[in-house]
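Peer 1: First, the structure itself, so that you have it in front of you.
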Amino acid sequence: MQDILAEIGRLKKDRRAVILAHNYQPPEVQDIADFSADSLELAKYSMSIDAKIIVLCGVRFMAEMAHILNPDKIVLLPDESAGCPLADSITPEDVRKLREEFPDAIFLAYVNTSAAVKAECDICYTSANILDVISKLPKDRKLVVLPDKHLARWVREETKREIIIWGGECPVHKAIDEENILKMKNLSPLSAVMVHPECREKVVALSDFVGGTGGMIRFAKTTGYSSYIVGTERDMCHKLKREIPTKNFLPANEEAVCQDMKKTNLLKILHTLQTLEYQILLDVDIRERARRTIEKMFSL
Ligand code: SF4
């Protein structure tokens, strides 16, 4: 183990590489990363660093984001097959068909979509900024919020806007149900409940806070509870504990595990640094159109 860590450290220095990890990565990956955060923060951070190589420990759409925003850097995904079933629930063709159906609508692409889907949409969003993004859009336009149906339904509730919903969902957040929350509340009645907006409606209804993983960290830092039930991917509790060691974090469901996020491990990080596999490359036209969609989000 020490040898692997030493070799990763040496190669990082030699190759001028930086390791970025999403909050759902396995604890040992979060612990060796130079920076770990939610998708939005990872994207912003990737633009601020002076590095030749970015090793993106996450899933493909995150590595694509880093490549789109940093076309001059080499972006590596340690496991080529790390994808996202939610992102795969919609294709560029689906968006084009929806455009025909709703020609006057504004199309919003979740960060959890492929670059090709982002390229077909008007503006990108994350679970951290969706309400903010929508508050800046013209009030008289319909919105198509892609692709997660639970998140879109929550947004409709919060904004009272006319929102067209696609049928995608995240299997990890779907695995968290009301029974899980009620059971944990029973075990720890003084805990606050934080849930991700990709959770089902009945789960959201039982929560004290709804937001992305960055929002959860801020909520836990700024509220007075000593313990929190965490309704998202299990290893978010590791991130929360690292950020706020004085408080307790309990997964709402121990089995809410993203298998794609767990495909990354230290050996694969070492392999990617040794071989420069697997490099993210996109068609330039798709990359540039997706970039405009992402930059529109930043400009708001
Ligand atoms: S947790 Fe869900 S949305 Fe996130 S990468 Fe895994 S499958 Fe995709």
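Peer 1: Which residues, counting only those in segment 214-233, are within 15 Å of the ligand (Cβ to nearest atom) and either open to solvent by 40 Å² or more (accessible area, probe 1.4 Å) or of a type in the set (S, T, N, Q) (or both)?
Peer 2: Residue satisfying the conditions is Thr232 alone.
Peer 1: Can you tell me which residues in segment 155-168 are within 16 Å of the ligand (Cβ to nearest atom) and either of a type in the set (S, T, N, Q) or open to solvent by 20 Å² or more (accessible area, probe 1.4 Å) (or both)?
Peer 2: Matches in segment 155-168: Trp166, Gly167.
Peer 1: Now a separate question. Kindly indicate the residue of segment 97-110 that is part of a strand (DSSP E or B) and without any contact (Cβ under 8 Å) to a residue 60 or more places away in the chain and also surrounded by the fewest Cβ atoms within 10 Å (Cβ to Cβ) among those meeting that condition.
Peer 2: Step by step, filter segment 97-110, then rank; the result is Ile106.
Peer 1: Tell me the residue from Gly212, Gly231, Gly224 that is under 19 Å from the mean Cα position of the chain (by Cα) and more than 17 Å from Lys183 (Cβ to Cβ), please.
Peer 2: Gly212
Peer 1: Applying the selection to segment 52-66, what residues are open to solvent by less than 10 Å² (accessible area, probe 1.4 Å), over 13 Å from Ile269 (Cα atoms) and more than 13 Å from the ligand (Cβ to nearest atom)?
Peer 2: Across segment 52-66, the qualifying residue is only Ala66.
Peer 1: Within segment 185-238, work out how many residues are touching a residue at least 40 places away in the same chain (Cβ under 8 Å), assigned to a loop (DSSP other than H, G, I, E, B) and within 26 Å of Asp260 (Cα to Cα).
Peer 2: Residues meeting the conditions: 10.
Peer 1: Continuing with this model, one more query. Give me the residue from segment 239-263 that is of a type outside the set (A, V, I, L, M, F, W, C), within 16 Å of the ligand (Cβ to nearest atom) and part of a loop (DSSP other than H, G, I, E, B) and, out of that set, surrounded by the most Cβ atoms within 10 Å (Cβ to Cβ).
Peer 2: Asn253
Peer 1: Another question, then. With within 16 Å of the ligand (Cβ to nearest atom), surrounded by fewer than 18 Cβ atoms within 10 Å (Cβ to Cβ) and either under 16 Å from the mean Cα position of the chain (by Cα) or aromatic (Phe, Trp, Tyr) (or both) as the only criterion, which of Pro171, Pro147 stands out?
Peer 2: Values: Pro147 fails: surrounded by fewer than 18 Cβ atoms within 10 Å (Cβ to Cβ).
It is Pro171.
Peer 1: Looking at segment 29-49, which of its residues are exposed (fewer than 15 other Cβ atoms within 10 Å of the Cβ) and farther than 21 Å from Ile294 by Cβ?
Peer 2: Asp31
Peer 1: How many residues, within segment 264-278, are assigned to a helix (DSSP H, G or I) and within 12 Å of Leu56 (Cα to Cα)?
Peer 2: Counting residues in segment 264-278 that are assigned to a helix (DSSP H, G or I) and within 12 Å of Leu56 (Cα to Cα) gives 4.
Peer 1: So, one more: Within the group Leu270, Leu190, which residue is surrounded by 14 or more Cβ atoms within 10 Å (Cβ to Cβ) and more than 16 Å from the ligand (Cβ to nearest atom)?
Peer 2: Leu270
Peer 1: Could you say which residue among Asp94, Asp72, Asp88, Asp79 is open to solvent by 30 Å² or more (accessible area, probe 1.4 Å) and either modelled with pLDDT under 95 or within 15 Å of the ligand (Cβ to nearest atom) (or both)? Please lay out each step first, then the result.
Peer 2: Values: Asp94 fails: either modelled with pLDDT under 95 or within 15 Å of the ligand (Cβ to nearest atom) (or both); Asp72 fails: either modelled with pLDDT under 95 or within 15 Å of the ligand (Cβ to nearest atom) (or both); Asp79 fails: open to solvent by 30 Å² or more (accessible area, probe 1.4 Å).
From the options Asp94, Asp72, Asp88, Asp79, the qualifying one is Asp88.
Peer 1: Could you check Val155 against (1) in a helix (DSSP H, G or I); (2) hydrophobic (A, V, I, L, M, F, W, C); (3) outside the structural domain of Val133 (by TED's automatic domain parsing) and say which number it fails?
Peer 2: If we test Val155 against (1) in a helix (DSSP H, G or I); (2) hydrophobic (A, V, I, L, M, F, W, C); (3) outside the structural domain of Val133 (by TED's automatic domain parsing), just (3) comes out false.
Peer 1: Related question: In segment 1-50, which residue that is under 29 Å from Ser299 (Cα atoms) and of a type in the set (D, E, K, R) is nearest to the chain's Cα centre (by Cα)?
Peer 2: Filtering segment 1-50 for residues that are under 29 Å from Ser299 (Cα atoms) and of a type in the set (D, E, K, R), the one nearest to the chain's Cα centre (by Cα) comes out as Asp38.
Peer 1: Checking the structure you have, find out if any residue of segment 277-290 is open to solvent by 80 Å² or more (accessible area, probe 1.4 Å), more than 18 Å from Glu64 (Cβ to Cβ) and in contact (Cβ under 8 Å) with a residue 40 or more places away in the chain.
Peer 2: Scanning segment 277-290, I find no residue that is open to solvent by 80 Å² or more (accessible area, probe 1.4 Å), more than 18 Å from Glu64 (Cβ to Cβ) and in contact (Cβ under 8 Å) with a residue 40 or more places away in the chain, so the answer is no.
The values are calculated or read from the model by the stated rules, or taken from the named source; none is laboratory data. Note that the structure is predicted; figures quoted are calculated from it, not measured. Backbone-built Cβ (ideal geometry, glycine too); neighbour counts: all protein chains shown. Protein only, heavy atoms only, side chains kept; ligands, DNA and RNA dropped before computing areas. Shrake-Rupley method; radii C 1.70, N 1.55, O 1.52, S 1.80 Å.
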